[in-house]
1. Please list 3J(HN,Hα) in residue order for segment B:60-68, calculated via the Karplus relation 6.51 cos²θ - 1.76 cosθ + 1.60 where θ = phi - 60°; whole Hz, with x for glycine and proline.
2. Working out 0.36 nm times the residue gap between A:Arg122 and A:Thr15, then minus their Cα-Cα distance, what length gain in nm do you get to one decimal?
3. What relative contact order, as a whole-number percentage, does segment B:2-225 give when Cα pairs under 8 Å and 6 or more residues apart are counted?
4. Could you tell me the calculated FRET efficiency between B:Asn84 and A:Glu250, based on Cβ-Cβ distance and R0 = 35 angstrom, to the nearest 0.05?
5. Can you bin segment A:220-267 into rounded, prolate or oblate? Criterion: square roots of the alpha carbon gyration tensor eigenvalues sorted a ≥ b ≥ c, rounded for a/c under 1.5, prolate for a/b above b/c, oblate for the rest.
6. Roughly what % antiparallel, to the nearest 5, for the DSSP beta bridges in the protein assembly as shown?
7. List B:Lys281, A:Lys45, B:Lys300, A:Lys9 from most exposed to least, where exposure is judged by having the fewest other Cβ atoms within 10 Å.
8. How much net charge surrounds A:Ile82 when only the other residues with a Cβ under 13 Å from the Cβ of A:Ile82 are counted, with Lys and Arg +1 and Asp and Glu -1?
Amino acid sequence: MLQLRELRKTFFAGTHNEVRALRGVSLQIDDGSFVIVIGTNGSGKSTLLNAVAGSFYVDQGAINIAGTDVTRWPEHRRAAMIGRVFQNPFSGTAPSMTVAENLALAARRGLRRGLGRLLPARIHTELRDRVATLNMQLENRMNNPIGTLSGGQRQALTLLMATWRRPDLLLLDEHTAALDPKSADQIVRLTEQIVSQHRLTTLMVTHSMQQAATLGDRIVMMNQGSVLADYRAAERRHIRAEDLVRRFDEIRRDELLDASAAEMLRAQYL
Amino acid sequence: MTLLLSAWTIGLILSLLSLGVYISYRVFKFADITADGSITFGAAVAASMLTHGVHPVTSSIAAFAAGCAAGLCTGILHTRFRINQLLSGILVMTALYSINLHVMGQSNLPLLSVTTLTTYAQDLGRWLTGHDSATLFGWPVSARDAGSLVLSAAIVFIIALIAWLFFNTNLGSAMRASGDNEQMIRALGVSVENMIVLGLCISNGLVAFAGALLAQYQGFADVQMGIGMIVWGLASVIIGRALTGTDSAGAALTGTIMGSVLFRLIIAVALRWGLNPNDLKLVTAIFVFGALVLPMLMQKVRSHAAAS
């Protein structure tokens, strides 16, 4: 479903702030697979998601979604295939517009937007019914500006909006990180439910080893802009949160060793 | 009475300018100074066509189209060439100054001897009152004044209705969402750049249309008539926001029109009380400044009060 070939991206190239965010990432994700991406800060996991979504163009490599090469497609064009939920719960909804308006906008993701009414009479029941599946009593607040809702409620609605029309690919960028623990749990459960119900091909970035160990059917671990480990099938089933944490500690120790070794070499030979 | 009616009429005509500024400033947070040029552009195009014997309705619609073209330029400068919002507007506004002189052929184009919408307004007024003048609450009212007020109210009502309907279509809602949350609407497959270009087109079309009506009402087009008009529009939009307080398209459109009329009335009263007309722009600018900083000051005062 999603094919990434040798993606490379450098920000601020040629300056002191140069960041080689992606250093040749290749991934092949099957239809219906739920992939969790983990990694330290600055490992390039969010950059990877943004590259797929089209927030910027990659310097090298190719992105292929559902058999279509989208490498040079602008973000809004790729949106026809991609559903997205952002880390910031305020990013996924238009605050001054009502709940119903936001949902109706999402119902036309990737479709032509003409002079038909956004909220024709017949759409209201469908909107209410699908909001009711969230079990958050939001169906009674359809005409409230969405900005008056809590972060958790807005994130639940964003998830619903991203999957309103079945996307070829669902991108979740640490979408529970900015929520309180209770809301985060709720969103995790909702994510599981929606992904399994529609059998969505999903790429989810998370900081939580707990989420990584319990969700999804494959774990991709990133470090310094490349894929460090890829756990799937049997390997994935036996992995626990502690194993992932241990692996991260190893990486950190290696990096520390590299740095101190380099320091020592420099002191002795330069 | 004439003064009051004329304040109402000009307030209504300029509410079309305010609706344009509403689109650029409230929907897109884009302080589009093109308006200063496009209101004159609309007046110039309409006046020039009128003096060449073109029908007033055709001339006014052509003014709208001319404004759209000006907005298109600003939009393209900003979105395709990545020029700063304000600078894009300034470039187009400056260019329009020369273009307006070319269109009019002189710096002031009188419309005294040609048929304009005001001619129709006068006929309408005569038909309504039955005479060349009538009395309203004991005051004499000329057919021209009464007709102009009724006609401009009707035009503004129709345009506001169209705008409201538009903002509730799929396209219009996507436009509102583009201003409200760029990231979100992009993720839903809308090109924010195209929305800005389209929005500025419509915005400046309305502004130019207001210019065409104003020229016909006051009986001339002048190359200087656009100076400070964006600030006028901002003042109306800000008053409108204060009057309605909500963000729904219907309330905001109504508020903006009310704001424009109210602001014109305030100005008329102030002039009557002896405000020097030369100070008008200064007072308008100070008013907008006050309206912009007042919410911030209020918040400071409130947080101080909460702290102590």
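Every number in this text was worked out from the coordinates using simple rules, so none of it is lab data. Keep in mind that what you see is a predicted model, and the values were worked out from it rather than measured. So basically every Cβ, Gly included, is an ideal-geometry build from the backbone, and we count neighbours across all protein chains shown.
1. 5, 5, 4, 4, 4, 4, 4, x, 4
2. Gain on stretching A:Arg122 to A:Thr15: 33.0 nm.
3. On the way: 378 pairs, mean separation 95.2, N = 224.
Normalised by residue count, the contact order of segment B:2-225 is 42 percent.
4. Details: r = 49 Å, r/R0 = 1.39.
Once rounded, the FRET efficiency stands at 0.10.
5. On the way: a/c = 4.64, a/b = 2.50, b/c = 1.86.
Since a/c reaches 1.5 and a/b is larger than b/c, the shape of segment A:220-267 is classed as prolate.
6. Details: 30 of 47 bridges.
In the protein assembly as shown, DSSP labels about 65 percent of beta bridges as antiparallel.
7. Numbers: B:Lys281 14, A:Lys45 28, B:Lys300 10, A:Lys9 23.
Listing B:Lys281, A:Lys45, B:Lys300, A:Lys9 from fewest to most nearby Cβ atoms yields B:Lys300, B:Lys281, A:Lys9, A:Lys45.
8. On the way: positive: A:Arg77, A:Arg78, A:Arg84, A:Arg109, A:Arg165, A:Arg166, B:Arg186; negative: A:Glu75, A:Asp168, A:Asp173.
In short, +4.
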